[in-house]
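The values are calculated or read from the model by the stated rules, or taken from the named source; none is laboratory data. Just so we're clear, the structure is a prediction, and the values are computed from it rather than from any experiment. We place every Cβ from the backbone using ideal geometry, glycine too, and count neighbours over all the protein chains shown.
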């Protein structure tokens, strides 16, 4: 059997005060025809990263809306995670990102850092990787033992399960299958995309974060655009008393009375934690008391994470005002919540970014965000209203310094950012979008069945 992920119980009605009665009532109306439908979410890992965080909220809220929902993770091992991380990098345009990063980093430490970063991120597609991916997708199909009405497969890791399930257990492959892509595919490796396309062609629908991510030759006729969202009642996002926040900072040797900037992300070349350190060092020339927190969760399906964590630590050196923290330091959702709330500004200096949930998390807490204008970040940050979108280390440092020295502007941006998230990026909207997609697919099936019945009746003598 596949591993089932246990999630906390959540009640949709608890979100009325935040989302509003009208939105909750609308969700319940959309969910009514789907009551009792069996849904499976299948992904690579139960913790670490945005997908697991989304499912931790979406699954119990879907149950509260009346659906029977499971969350399972695929069969895997280190060799698969090495392979799928390479696939992820190549689909995001690894070679191009490495080149641009290397050109910048070559000026630092006479190229040594650029070489190290390139060693971490560069991967070449080869038949051995294809065989490993196919083998674990086939194993996952073998372990698949239940029937569902809808199956949502998240990202490339388990994207081949449907193909193998149709061969091994066709009676379990009759659900509506949906591929949910959280990745920016705009510069995907042609070799990897060509490999994946035949497997994706079997799906009934695909979900992307933005229209720009939908490749022209995506082999799925029904495409939905659903941007991720945050759970405002999770331990990561709910309100915290000021004294709790200050106590948590002290526990990690961060001075609550000195300015703090934070980036919360995996330790990954795409998140550019090395660049964040460079931004911090530029600002610290003018604000000597500045502190930096780099906070990340080490996920089971990201073997690259520890290598890049070490690279980040080496770049930080012996600066005791740089705090590099992970779940292995006891940093969980409450601690992340505290770091974001305590920050004068939150950074998201990504090179590429599918969406970046941490941006909406910070905005929801009334913190202005300075972020690179890539991927789904511009959907969240209204530049000049709730934060700034930037293109370079110098611009990032300048804008962050501006916020650190202007508390009134910081407060103004914070209020605007919170309302932007309330209007667009709460988990209730995310749930509504999924329910709408399930309903649309059901309607299409019913319409197709009526058409077949009508055609058959007309053909009778």
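Restricting attention to region 380-399 and to residues that are assigned to a helix (DSSP H, G or I) and closer than 15 Å to residue 350 by Cβ, the residue that is farthest from the chain's Cα centre (by Cα) turns out to be 395. All but one of (1) buried (at least 20 other Cβ atoms within 10 Å of the Cβ); (2) farther than 23 Å from residue 396 by Cβ hold for residue 241; state the number of the condition that does not hold. Unmet for residue 241, out of (1) buried (at least 20 other Cβ atoms within 10 Å of the Cβ); (2) farther than 23 Å from residue 396 by Cβ: (1).
Listed by position, the helices (runs of 4 or more DSSP H) contained in region 303-369 that have at least 1 residues being more than 17 Å from the chain's Cα centre (by Cα) and crowded, with 21+ Cβ neighbours inside 10 Å are 304-316, 333-342. All of 188, 175 fail the test of being within 19 Å of residue 71 (Cβ to Cβ) and in the same structural domain as residue 135 (by TED's automatic domain parsing), apart from 175. Using the structure shown, decide if residue 282 is modelled with pLDDT of 95 or more, surrounded by fewer than 21 Cβ atoms within 10 Å (Cβ to Cβ) and part of a helix (DSSP H, G or I). Spelling it out, residue 282 is indeed modelled with pLDDT of 95 or more, surrounded by fewer than 21 Cβ atoms within 10 Å (Cβ to Cβ) and part of a helix (DSSP H, G or I). Quick check, is residue 258 in a helix (DSSP H, G or I) and either assigned by TED's automatic domain parsing to the domain that holds residue 372 or buried (at least 24 other Cβ atoms within 10 Å of the Cβ) (or both)? Taking the combined requirement at face value, the residue does not satisfy it. Checking each residue in region 412-428 for being touching a residue at least 24 places away in the same chain (Cβ under 8 Å) and part of a helix (DSSP H, G or I) picks out 413, 414, 415, 416, 417, 418, 420, 421, 422, 424, 427, 428.
Looking at this structure, is residue 432 modelled with pLDDT of 95 or more, within 30 Å of residue 204 (Cβ to Cβ) and in a helix (DSSP H, G or I)? So residue 432 fits the description; yes. Just a yes or no: is a residue in region 223-237 under 17 Å from residue 344 (Cα atoms), in contact (Cβ under 8 Å) with a residue 40 or more places away in the chain and out of contact with any strand residue (DSSP E or B) (no Cβ under 7 Å at 6 or more places or on another chain)? No, region 223-237 contains no residue that is under 17 Å from residue 344 (Cα atoms), in contact (Cβ under 8 Å) with a residue 40 or more places away in the chain and out of contact with any strand residue (DSSP E or B) (no Cβ under 7 Å at 6 or more places or on another chain).
When we screen 113, 135, 119 for residues that are over 23 Å from residue 204 (Cβ atoms) and either at pLDDT 75 or above or part of a strand (DSSP E or B) (or both), the only hit is 135. Among the residues of region 224-234, is any modelled with pLDDT under 95 and under 16 Å from the mean Cα position of the chain (by Cα)? The answer is no, given that none of the residues of region 224-234 is modelled with pLDDT under 95 and under 16 Å from the mean Cα position of the chain (by Cα). Write out, first by first residue and then by second, each pair whose Cβ atoms fall under 6 Å of each other, whose residues are 6+ apart or on separate chains, and whose first residue, in region 261-279, is free of Cβ contacts under 8 Å to residues at least 12 places away in the same chain while the second is surrounded by 24 or more Cβ atoms within 10 Å (Cβ to Cβ). Qualifying pairs under 6 Å: none. Of the listed requirements (1) within 21 Å of residue 92 (Cα to Cα); (2) without any contact (Cβ under 8 Å) to a residue 40 or more places away in the chain, residue 168 misses just one: (1).
Looking only at residues in region 165-213 that are part of a loop (DSSP other than H, G, I, E, B) and in contact with a strand residue (DSSP E or B) (Cβ under 6 Å, 6 or more places away or on another chain), the one that is nearest to residue 354 (Cα to Cα) is 181. Could you tell me whether region 382-398 includes any residue that is within 17 Å of residue 276 (Cβ to Cβ), free of Cβ contacts under 8 Å to residues at least 60 places away in the same chain, touching a strand residue (DSSP E or B) at 6+ places or on another chain (Cβ under 8 Å) and buried (at least 24 other Cβ atoms within 10 Å of the Cβ)? Within region 382-398, one or more residues are within 17 Å of residue 276 (Cβ to Cβ), free of Cβ contacts under 8 Å to residues at least 60 places away in the same chain, touching a strand residue (DSSP E or B) at 6+ places or on another chain (Cβ under 8 Å) and buried (at least 24 other Cβ atoms within 10 Å of the Cβ). Among all residues of region 218-237, there is none that is in contact with a helix residue (DSSP H, G or I) (Cβ under 6 Å, 6 or more places away or on another chain), crowded, with 18+ Cβ neighbours inside 10 Å and part of a helix (DSSP H, G or I). For region 181-197, the candidate set comprises residues that are over 14 Å from the mean Cα position of the chain (by Cα) and more than 15 Å from residue 270 (Cβ to Cβ); within that set, the residue that is surrounded by the fewest Cβ atoms within 10 Å (Cβ to Cβ) is 190. Could you tell me whether region 144-157 includes any residue that is loosely packed, with under 15 Cβ neighbours inside 10 Å, closer than 19 Å to residue 438 by Cβ, in the same structural domain as residue 46 (by TED's automatic domain parsing) and touching a residue at least 40 places away in the same chain (Cβ under 8 Å)? Taking every residue of region 144-157 in turn, at least one turns out to be loosely packed, with under 15 Cβ neighbours inside 10 Å, closer than 19 Å to residue 438 by Cβ, in the same structural domain as residue 46 (by TED's automatic domain parsing) and touching a residue at least 40 places away in the same chain (Cβ under 8 Å).
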